[in-house]
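All remarks here apply to the structure that follows.
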Amino acid sequence: MSRILRRCAALLSSAALTGALVGAPAADADDFSRVDRDPVEGAALVLADGHRADTALFSLRVADETSVRAYAAQVDEEVRPRTAYVESAWSDNPGWTGTDQAPDPADRANWIVSHSYPTVDLPLLTQLTGLVQLDERQAIAGTQAALWHVLDGAEPDRLANDLVVVALYEFLVAGSEAASDNATTRSVEVAPSHMEAVAPDAPLGPLAVNSAGADPVQVSVRGAPASWLVNADGEQVTQASDGDELFLDVDPSVPAGVVTLHVLGQDVPLPEGRLFSGRDGVRTQPLVTAEEVSATSSTTATFTWHPEQTAEPSSEEPPEPTPTEAPPALGEAPDDAPTEVATPPEADDRIPGDGLARTGTWLSGLLIIAGALVVSGLLILVLGRKRRG
């Protein structure tokens, strides 16, 4: 009996989840980040179109733990300090990866922050660029100008800006033209981020786990009942290493469901050049990290499955009506009319298809039963009130 009850509960739970199958959300990271203090101001830039833009080096607190410094990715977007940020893939923006340009803007941005301030300190950066001197405000402005150029197409006005800023800008833009392809993955990633199946008779998957860290990441699932996370050998797992494949084993008694895979990595390397954007698509200034740190990183993916839908029966055209002869004129009898009018049989006072007579006694019985039910209900209400009193 308990087994039957459990199966019924599983079926009811999966039925309640079926409505979410069509619009299952895309995966979002569990951890989030915020711009946690006032940025370090850089020198202002005058762009080629005459627009004056402020520059800054922001501080982004990753997963409420480590702070990492970052630059803005676009010219005209505002940084909203109270907005939740999550690490994003560069490939989420088709204008930054997979373009006809070689290298992609994302790879050039990664090269710029890897070869400029603060990854490279000011004395070394001054020496590499051949400048006489370079202060922090100039370094921030020159780096920001180079990022805006490769990511947003902005050009600084070479005559209206500090010559040191322009020199650093040109050094970084020229160097990024030889960037290699290494800026498209996240520190922790699952691919694909969504897996869907119809009436699965085998575990759903695989989903590949990628991590920048050497230690295994924690994996778990939440959602539909009677589902387990397994590896390629069918063994239940709670951890995964970089490159491992994961599957979802589902009890056949659950015909439909949605399960979320959670992946959490501790002290995962977060290299410079990672992209952070507003969580759940919230509009805010995308940020590019400008130094390497270690931080908690996580991501999610979803499994969905549902029963195979049977095709609806095709509607057949109704048969054409059989032509009939025209009725006889009023007062005329048909040619094959009998000479004697047959006496119709007594009408059967029954509802077709059942054995209940549709008589006055039958209707009276229904009324009596209904009245008895009403009286019983009233008595129950009265007795209940007396007991409460």
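Over all Cα atoms in the stretch 147-235, the spread is summed up by Rg and Dmax: 23.2, 68 Å. What number comes out for the charge environment of Thr119, summing +1 per Lys or Arg and -1 per Asp or Glu over other residues with Cβ under 11 Å away? Computed value for this residue: -3. Of the peptides 104-111, 79-86, 46-53, the order by per-residue mean of other Cβ atoms within 10 Å, starting with the highest, comes out as 104-111, 79-86, 46-53.
Entry note: the stretch 34-176 has Rg to Rh equal to 0.95, where both radii use alpha-carbon atoms and Rh is the Kirkwood radius. When only the Cβ of Lys, Arg, Asp and Glu is charged (+1, +1, -1, -1), the dipole of the stretch 34-176 relative to its Cα centre reaches about 240 debye.
Under Stokes-Einstein, with the Kirkwood radius over Cα pairs as Rh, the value for the stretch 260-310 at 10 °C and 1.306 mPa s is 115 µm²/s. Sorting Ser241, Ser187 from the fewest to the most surrounding beta carbons within 10 angstrom yields Ser241, Ser187. Ranked by the mean number of other Cβ atoms within 10 Å per residue, highest first, peptides 229-237, 270-278 order as 270-278, 229-237. Ordering of 251-260, 199-208 by packing is 251-260, 199-208, highest average first (other Cβ atoms within 10 Å, averaged per residue). With 10 Å bins beginning at zero, the pair-distance distribution over Cα atoms of the stretch 197-305 amounts to 13, 38, 29, 16, 3, 0 %.
Since every read-out is calculated from the coordinates, none of them should be taken as a lab result. Given the structure is predicted, the values throughout are model-derived calculations rather than measurements. As a convention, Cβ positions derive from the backbone with ideal geometry for all residues, glycine included, and neighbour counts pool all protein chains shown.
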